[in-house]
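Read through the structure below, which is laid out as structure tokens, and then see the notes.
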Amino acid sequence: MARHVIAPLRDFPAGSRKLVDVKGRAIVIFNVDGAFFALANRCPHQGGSLVAGHLVGLIEASEPGCYRYSRRGEIVRCPWHGWEFDLRTGKSWCEPDRVRARQFAVAIAPGAKLVEGPYVAETFPVRIEDDYVVLEA
């Protein structure tokens, strides 16, 4: 898989999301309390834009009236029909065995390391000061 330098880490404050274009593919990157997740920006149900989706958590009940809320902000709800997708796996909460949003690996890499890497890109004079967000697609 090719690696794509997306943006400086400072462009992704906690709780943010950013829609990026990678080789013609719309991908949304989420920062959930410092954990990064990337999904195709298209809901597999009917094509809604996941970047506009609401981030929610997981509500579980061991018995009636006994609820537990966890994984705050790790589930994205499609704005069109409310289908929910796990940011960690892309799996749908509606049909987890059949439907999933396309997921991409995302990592943080030091800017100095990227300069030394085997990447070919149009170059401009730059000064490396921060870490960068790197997407594998």
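Among (1) surrounded by 13 or more Cβ atoms within 10 Å (Cβ to Cβ); (2) more than 15 Å from the chain's Cα centre (by Cα), there is one condition R10 misses while meeting the rest; what is its number?
Against the list (1) surrounded by 13 or more Cβ atoms within 10 Å (Cβ to Cβ); (2) more than 15 Å from the chain's Cα centre (by Cα), R10 comes up short only on (1).
What are the residues in segment 29-51 that are over 11 Å from L87 (Cβ atoms) and either surrounded by 15 or more Cβ atoms within 10 Å (Cβ to Cβ) or touching a residue at least 40 places away in the same chain (Cβ under 8 Å) (or both), if any?
If the condition is that a residue be over 11 Å from L87 (Cβ atoms) and either surrounded by 15 or more Cβ atoms within 10 Å (Cβ to Cβ) or touching a residue at least 40 places away in the same chain (Cβ under 8 Å) (or both), then D33, A40, N41, R42, C43, P44, H45, G48, S49, V51 are the ones that fit.
Quick one: what pairs do we get from segment 78-105, first residue among the polar types (S, T, N, Q), second part of a loop (DSSP other than H, G, I, E, B) and surrounded by 15 or more Cβ atoms within 10 Å (Cβ to Cβ), C-beta under 8 Å, 6+ apart or different chains?
From segment 78-105, the pairs are S92/P44; S92/H45; S92/W83; S92/V99; S92/A101; Q103/G90.
Can you say whether A26 is loosely packed, with under 12 Cβ neighbours inside 10 Å and touching a strand residue (DSSP E or B) at 6+ places or on another chain (Cβ under 8 Å), as far as the supplied structure shows?
no
Read through the list (1) surrounded by 14 or more Cβ atoms within 10 Å (Cβ to Cβ); (2) more than 14 Å from R102 (Cα to Cα); (3) in contact with a helix residue (DSSP H, G or I) (Cβ under 7 Å, 6 or more places away or on another chain), then give the number of the only condition that R71 fails.
R71 satisfies all of (1) surrounded by 14 or more Cβ atoms within 10 Å (Cβ to Cβ); (2) more than 14 Å from R102 (Cα to Cα); (3) in contact with a helix residue (DSSP H, G or I) (Cβ under 7 Å, 6 or more places away or on another chain) except (3).
Read-outs throughout are calculated quantities, based only on the coordinates presented, and are distinct from any laboratory measurement. Being a predicted model, the structure only gives us computed values, none of them experimental. As a convention, Cβ positions derive from the backbone with ideal geometry for all residues, glycine included, and neighbour counts pool all protein chains shown.
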